[in-house]
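Everything on this sheet refers to the single structure shown next.
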Amino acid sequence: MAKVVVMTSGKGGVGKTTSAAAFGAGLAQRGYKTVVIDFDVGLRNLDLIMGCERRVVFDFINVINGDAKISQALIKDKRIDNLFILPTSQTRDKDALSRDGVERVLNNLKESFDYIICDSPAGIERGALMALYFADEAVIITNPEVSSVRDSDRILGVLQSRSRRAENGEEPVKEHLLITRYDPKRVERGDMLKVEDVLEILAIPLLGIIPESESVLAASNLGQPVILDATSKAGLAYADVVGRYLGEQIEHRFMTVERRGLIQRLLWRTA
(Lines give C-alpha, C1' and ligand atoms only; values in the text may rest on other atoms or scores of the structure.)
Protein backbone atom coordinates (compact mmCIF):
# COMPACT_ATOMS: atom_id res chain seq x y z
CA MET A 1 0.00 0.00 0.00
CA ALA A 2 1.45 3.37 -1.01
CA LYS A 3 2.29 5.89 1.70
CA VAL A 4 1.67 9.62 1.36
CA VAL A 5 4.45 11.51 3.13
CA VAL A 6 4.23 15.29 3.44
CA MET A 7 7.36 17.41 3.89
CA THR A 8 6.18 20.46 5.81
CA SER A 9 7.19 23.35 8.04
CA GLY A 10 5.71 26.39 9.69
CA LYS A 11 8.29 28.76 8.28
CA GLY A 12 9.68 29.27 4.79
CA GLY A 13 13.32 28.89 3.85
CA VAL A 14 14.06 25.87 6.03
CA GLY A 15 14.82 23.49 3.15
CA LYS A 16 11.54 21.69 2.47
CA THR A 17 11.99 21.34 -1.28
CA THR A 18 15.65 20.38 -0.88
CA SER A 19 14.58 17.77 1.67
CA ALA A 20 11.68 16.48 -0.43
CA ALA A 21 13.98 16.02 -3.42
CA ALA A 22 16.69 14.31 -1.36
CA PHE A 23 14.25 12.10 0.56
CA GLY A 24 12.42 11.02 -2.58
CA ALA A 25 15.68 10.33 -4.41
CA GLY A 26 16.97 8.30 -1.46
CA LEU A 27 13.87 6.12 -1.35
CA ALA A 28 14.10 5.56 -5.11
CA GLN A 29 17.77 4.60 -4.77
CA ARG A 30 16.66 1.92 -2.31
CA GLY A 31 14.39 0.41 -4.95
CA TYR A 32 11.07 2.02 -4.00
CA LYS A 33 9.03 3.54 -6.80
CA THR A 34 8.67 7.14 -5.66
CA VAL A 35 6.97 10.29 -6.94
CA VAL A 36 7.56 13.77 -5.55
CA ILE A 37 4.67 16.24 -5.99
CA ASP A 38 5.04 20.01 -5.87
CA PHE A 39 2.12 21.53 -3.92
CA ASP A 40 3.51 25.06 -4.03
CA VAL A 41 1.25 26.34 -6.81
CA GLY A 42 2.44 29.61 -8.31
CA LEU A 43 6.10 29.26 -7.29
CA ARG A 44 7.17 25.82 -8.57
CA ASN A 45 10.71 25.20 -7.35
CA LEU A 46 10.81 21.40 -7.21
CA ASP A 47 11.48 20.98 -10.93
CA LEU A 48 14.45 23.37 -10.66
CA ILE A 49 16.06 21.44 -7.83
CA MET A 50 15.39 18.17 -9.66
CA GLY A 51 16.86 19.56 -12.88
CA CYS A 52 13.81 18.93 -15.05
CA GLU A 53 12.35 22.42 -15.51
CA ARG A 54 12.78 22.32 -19.30
CA ARG A 55 10.83 19.06 -19.52
CA VAL A 56 7.63 20.40 -17.94
CA VAL A 57 4.76 20.29 -20.44
CA PHE A 58 1.76 19.43 -18.25
CA ASP A 59 1.52 19.85 -14.49
CA PHE A 60 -0.40 18.92 -11.35
CA ILE A 61 -3.13 21.49 -12.00
CA ASN A 62 -3.60 20.30 -15.59
CA VAL A 63 -4.24 16.81 -14.23
CA ILE A 64 -6.66 18.04 -11.54
CA ASN A 65 -8.61 20.01 -14.18
CA GLY A 66 -8.71 17.08 -16.58
CA ASP A 67 -6.57 18.81 -19.20
CA ALA A 68 -3.96 16.04 -19.09
CA LYS A 69 -3.51 12.50 -17.82
CA ILE A 70 -1.12 11.76 -14.98
CA SER A 71 1.09 9.82 -17.38
CA GLN A 72 1.49 13.00 -19.45
CA ALA A 73 2.44 15.18 -16.49
CA LEU A 74 4.83 12.81 -14.69
CA ILE A 75 8.51 13.39 -15.42
CA LYS A 76 10.87 10.44 -15.04
CA ASP A 77 14.19 11.30 -13.44
CA LYS A 78 17.14 10.68 -15.78
CA ARG A 79 19.45 9.50 -13.00
CA ILE A 80 17.30 7.17 -10.88
CA ASP A 81 14.96 4.66 -12.50
CA ASN A 82 12.34 4.60 -9.76
CA LEU A 83 12.04 8.37 -9.30
CA PHE A 84 9.34 10.59 -10.82
CA ILE A 85 8.37 14.25 -10.42
CA LEU A 86 4.92 15.80 -10.70
CA PRO A 87 5.53 19.56 -11.12
CA THR A 88 2.93 22.19 -10.40
CA SER A 89 1.73 25.30 -12.21
CA GLN A 90 3.71 28.52 -12.15
CA THR A 91 0.84 30.64 -13.45
CA ARG A 92 -2.12 29.53 -11.31
CA ASP A 93 -2.84 30.28 -7.65
CA LYS A 94 -3.50 28.02 -4.68
CA ASP A 95 -7.28 28.05 -5.28
CA ALA A 96 -6.66 25.77 -8.25
CA LEU A 97 -6.14 22.93 -5.75
CA SER A 98 -9.49 21.28 -5.05
CA ARG A 99 -9.81 18.56 -2.41
CA ASP A 100 -11.65 16.20 -4.77
CA GLY A 101 -9.08 16.78 -7.50
CA VAL A 102 -6.11 16.20 -5.23
CA GLU A 103 -7.70 13.06 -3.79
CA ARG A 104 -8.35 11.71 -7.28
CA VAL A 105 -4.73 12.26 -8.33
CA LEU A 106 -3.33 10.71 -5.14
CA ASN A 107 -5.58 7.65 -5.45
CA ASN A 108 -4.42 7.21 -9.03
CA LEU A 109 -0.77 7.46 -8.02
CA LYS A 110 -1.24 4.95 -5.19
CA GLU A 111 -1.92 2.28 -7.80
CA SER A 112 1.61 2.62 -9.22
CA PHE A 113 3.90 4.00 -6.51
CA ASP A 114 5.30 2.88 -3.16
CA TYR A 115 5.84 6.41 -1.84
CA ILE A 116 4.17 9.70 -2.69
CA ILE A 117 6.22 12.60 -1.32
CA CYS A 118 4.34 15.91 -1.06
CA ASP A 119 6.50 19.04 -1.14
CA SER A 120 4.27 21.38 0.83
CA PRO A 121 4.40 25.19 0.98
CA ALA A 122 5.25 26.69 4.35
CA GLY A 123 2.62 27.60 6.89
CA ILE A 124 -1.09 26.85 6.73
CA GLU A 125 -2.26 28.36 3.47
CA ARG A 126 -4.40 26.33 1.05
CA GLY A 127 -1.62 24.37 -0.64
CA ALA A 128 -0.10 23.38 2.68
CA LEU A 129 -3.43 22.38 4.22
CA MET A 130 -4.23 20.29 1.14
CA ALA A 131 -0.96 18.38 1.39
CA LEU A 132 -1.34 17.92 5.15
CA TYR A 133 -4.93 16.72 4.86
CA PHE A 134 -4.11 13.58 2.88
CA ALA A 135 -0.87 12.65 4.69
CA ASP A 136 -0.19 9.24 6.20
CA GLU A 137 3.12 10.47 7.58
CA ALA A 138 4.69 13.91 7.99
CA VAL A 139 8.29 15.07 8.14
CA ILE A 140 8.34 18.33 10.10
CA ILE A 141 11.31 20.37 8.92
CA THR A 142 12.72 23.08 11.16
CA ASN A 143 15.85 25.13 11.66
CA PRO A 144 17.22 25.20 15.23
CA GLU A 145 15.86 28.71 15.81
CA VAL A 146 13.07 29.79 18.14
CA SER A 147 10.77 31.24 15.47
CA SER A 148 11.13 28.21 13.19
CA VAL A 149 10.51 25.73 16.01
CA ARG A 150 7.52 27.70 17.28
CA ASP A 151 5.92 27.71 13.84
CA SER A 152 6.60 23.97 13.47
CA ASP A 153 4.74 23.38 16.72
CA ARG A 154 1.73 25.09 15.16
CA ILE A 155 1.93 22.74 12.17
CA LEU A 156 1.85 19.78 14.53
CA GLY A 157 -1.42 21.13 15.93
CA VAL A 158 -2.88 21.33 12.42
CA LEU A 159 -1.80 17.76 11.63
CA GLN A 160 -3.40 16.47 14.81
CA SER A 161 -6.71 18.23 14.21
CA ARG A 162 -7.28 18.93 10.50
CA SER A 163 -5.92 15.89 8.66
CA ARG A 164 -8.29 13.37 7.10
CA ARG A 165 -7.10 10.81 9.63
CA ALA A 166 -8.10 13.14 12.46
CA GLU A 167 -11.49 13.86 10.88
CA ASN A 168 -12.23 10.14 10.50
CA GLY A 169 -10.91 9.15 13.92
CA GLU A 170 -8.23 6.97 12.36
CA GLU A 171 -4.68 6.33 13.54
CA PRO A 172 -2.92 9.72 13.72
CA VAL A 173 -0.49 10.95 11.07
CA LYS A 174 2.93 9.55 11.96
CA GLU A 175 5.28 12.44 12.72
CA HIS A 176 9.03 12.73 12.16
CA LEU A 177 11.37 15.63 12.94
CA LEU A 178 14.10 16.79 10.56
CA ILE A 179 16.42 19.56 11.75
CA THR A 180 18.14 21.40 8.90
CA ARG A 181 20.93 23.98 8.60
CA TYR A 182 22.44 22.81 11.88
CA ASP A 183 25.73 24.52 12.74
CA PRO A 184 27.50 23.09 15.83
CA LYS A 185 29.74 26.16 16.14
CA ARG A 186 26.75 28.49 16.36
CA VAL A 187 25.11 26.13 18.82
CA GLU A 188 28.23 26.28 21.01
CA ARG A 189 28.09 30.08 20.93
CA GLY A 190 24.44 30.05 21.91
CA ASP A 191 23.27 31.44 18.56
CA MET A 192 21.19 28.34 17.78
CA LEU A 193 19.06 25.96 19.81
CA LYS A 194 20.55 22.64 20.82
CA VAL A 195 19.00 19.49 19.41
CA GLU A 196 17.79 18.64 22.91
CA ASP A 197 16.00 22.00 23.12
CA VAL A 198 14.17 21.42 19.83
CA LEU A 199 13.15 17.92 20.90
CA GLU A 200 11.86 19.20 24.23
CA ILE A 201 9.64 21.78 22.51
CA LEU A 202 8.26 19.63 19.67
CA ALA A 203 8.33 16.22 21.40
CA ILE A 204 8.32 14.09 18.24
CA PRO A 205 10.85 11.45 17.09
CA LEU A 206 14.04 12.78 15.53
CA LEU A 207 14.57 11.48 12.01
CA GLY A 208 17.75 13.37 11.21
CA ILE A 209 20.00 16.40 11.47
CA ILE A 210 21.24 18.07 8.28
CA PRO A 211 24.34 20.23 8.78
CA GLU A 212 24.72 23.67 7.25
CA SER A 213 26.58 23.01 4.02
CA GLU A 214 27.51 24.88 0.85
CA SER A 215 26.94 21.64 -1.04
CA VAL A 216 23.17 22.14 -0.70
CA LEU A 217 23.26 25.34 -2.74
CA ALA A 218 25.74 23.82 -5.19
CA ALA A 219 23.46 20.82 -5.76
CA SER A 220 20.43 23.08 -6.25
CA ASN A 221 22.32 25.11 -8.85
CA LEU A 222 23.26 21.89 -10.65
CA GLY A 223 19.66 20.69 -10.57
CA GLN A 224 20.26 17.51 -8.61
CA PRO A 225 19.19 16.25 -5.17
CA VAL A 226 22.05 16.79 -2.70
CA ILE A 227 21.80 13.16 -1.58
CA LEU A 228 23.51 12.25 -4.85
CA ASP A 229 26.63 14.08 -3.62
CA ALA A 230 28.16 11.32 -1.50
CA THR A 231 31.19 13.51 -0.71
CA SER A 232 29.17 16.14 1.18
CA LYS A 233 28.08 16.02 4.81
CA ALA A 234 24.58 17.10 3.82
CA GLY A 235 24.34 14.32 1.24
CA LEU A 236 25.51 11.75 3.77
CA ALA A 237 23.11 13.09 6.38
CA TYR A 238 20.15 12.74 4.01
CA ALA A 239 21.22 9.17 3.21
CA ASP A 240 21.18 8.50 6.96
CA VAL A 241 17.68 9.99 7.17
CA VAL A 242 16.36 7.61 4.51
CA GLY A 243 17.98 4.66 6.25
CA ARG A 244 16.45 5.57 9.61
CA TYR A 245 13.04 6.10 8.00
CA LEU A 246 13.25 2.57 6.60
CA GLY A 247 14.01 1.17 10.04
CA GLU A 248 17.79 1.02 10.12
CA GLN A 249 19.65 1.82 13.35
CA ILE A 250 21.94 4.69 12.34
CA GLU A 251 23.66 6.98 14.81
CA HIS A 252 23.16 10.71 14.33
CA ARG A 253 26.20 12.52 12.93
CA PHE A 254 27.42 16.09 12.38
CA MET A 255 26.15 17.30 15.76
CA THR A 256 29.47 18.39 17.27
CA VAL A 257 32.29 20.72 16.27
CA GLU A 258 35.18 18.91 14.63
CA ARG A 259 38.34 19.47 16.65
CA ARG A 260 41.59 19.70 14.73
CA GLY A 261 44.52 17.68 16.00
CA LEU A 262 47.93 19.27 16.64
CA ILE A 263 49.29 18.38 13.19
CA GLN A 264 46.11 19.65 11.47
CA ARG A 265 46.31 22.95 13.38
CA LEU A 266 49.97 23.42 12.46
CA LEU A 267 49.29 22.66 8.81
CA TRP A 268 46.29 25.06 8.82
CA ARG A 269 48.39 27.87 10.31
CA THR A 270 51.15 27.45 7.72
CA ALA A 271 48.78 27.08 4.77
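The values are calculated or read from the model by the stated rules, or taken from the named source; none is laboratory data. Just so it is clear, the structure is predicted and the values come from calculations on it, not from any experiment. Positions of Cβ are backbone-derived with ideal geometry, glycine not excepted, and every protein chain shown enters the neighbour counts. Heavy atoms of the whole protein, side chains included, go into the accessibility calculation; ligands, DNA and RNA do not. Shrake-Rupley method; radii C 1.70, N 1.55, O 1.52, S 1.80 Å.
About its Cα centre, segment 66-151 has a charge dipole of approximately 240 debye under the convention of +1 per Lys or Arg Cβ and -1 per Asp or Glu Cβ, with nothing else charged.
For ARG30, the shell of other residues with beta-carbons less than 11 Å away shows a net charge of -1, using +1 for Lys and Arg and -1 for Asp and Glu.
For helix 233-245, report the angle its Cα long axis makes with the longest principal axis of the Cα atoms of the chain; keep it between 0 and 90° and round to the nearest 10°. Around 60 degrees separate the two axes.
Just the number, please: percent antiparallel of the DSSP beta bridges in the chain, rounded to the nearest 5. So the antiparallel bridges amount to about 5 percent of the total. Given the options ASN82, ASN62, ASN108, state which has the largest fluctuation in a GNM of the chain using a 10 Å cut-off (strictly under) for Cα springs. Among ASN82, ASN62, ASN108, the largest mean-square fluctuation in the Gaussian network model of the chain belongs to ASN108. Taking the C-alpha atoms only, the angle from helix 99-110 to the longest principal axis of the chain is near 70 degrees. Electrostatic tally near VAL149: other residues with Cβ closer than 13 Å to its Cβ, Lys and Arg +1, Asp and Glu -1, net -1. Projecting the Cα positions of GLY10, ASN65, PHE254 onto the charge dipole of the chain (unit charges on Cβ atoms of Lys, Arg, Asp and Glu, taken about the Cα centre) puts PHE254 furthest along the positive direction. Placing +1 on the Cβ of every Lys and Arg and -1 on the Cβ of every Asp and Glu, with no other charges, gives the chain a dipole of roughly 620 debye about its Cα centre. Note on the chain: with a GNM built from Cα contacts shorter than 10 Å, the maximum mean-square fluctuation among THR231, THR34, THR142 falls on THR231.
Order these peptides, 46-52, 11-17, 242-248, by their mean beta-carbon neighbour count within 10 angstrom, highest first. Walk me through the intermediate numbers first.
On the way: 46-52: 22.3, 11-17: 20.3, 242-248: 14.7.
My ranking of the peptides, most packed first, is 46-52, 11-17, 242-248.
Between helix 146-162 and the chain there is an angle of about 30 degrees, using the helix long axis and the longest principal axis of the Cα atoms. Here, segment 51-139 yields an orientationally averaged convex hull projection of 6.1 nm² when only Cα atoms define the hull.
At 1.4 Å probe size, with every protein chain present, just tell me what the per residue accessible area of segment 3-268 comes to in Å².
On the way: 12480 Å² over 266 residues.
Counting only protein heavy atoms, the per-residue value for segment 3-268 is 47 Å².
Among GLU251, GLU145, GLU175, the largest mean-square fluctuation in a Gaussian network model of the chain, built with springs joining Cα atoms closer than 10 Å, belongs to GLU251. For segment 1-94, the Cα-based Rg and Dmax, in that order, read 12.8, 35 Å. In segment 3-268, carbon and sulfur make up what percent of the accessible area (probe 1.4 Å)? Carbon and sulfur: 46 percent of the exposed surface of segment 3-268. Only the Cβ atoms of Lys and Arg (+1) and of Asp and Glu (-1) were treated as charged; on that basis the dipole of segment 131-271 about its Cα centre amounts to roughly 600 debye. Cα convex hull, the chain: 138 Å³ per residue, rounded to a whole number. Here segment 1-21 and segment 158-200 have alpha carbon centers that stand 12 Å from each other.
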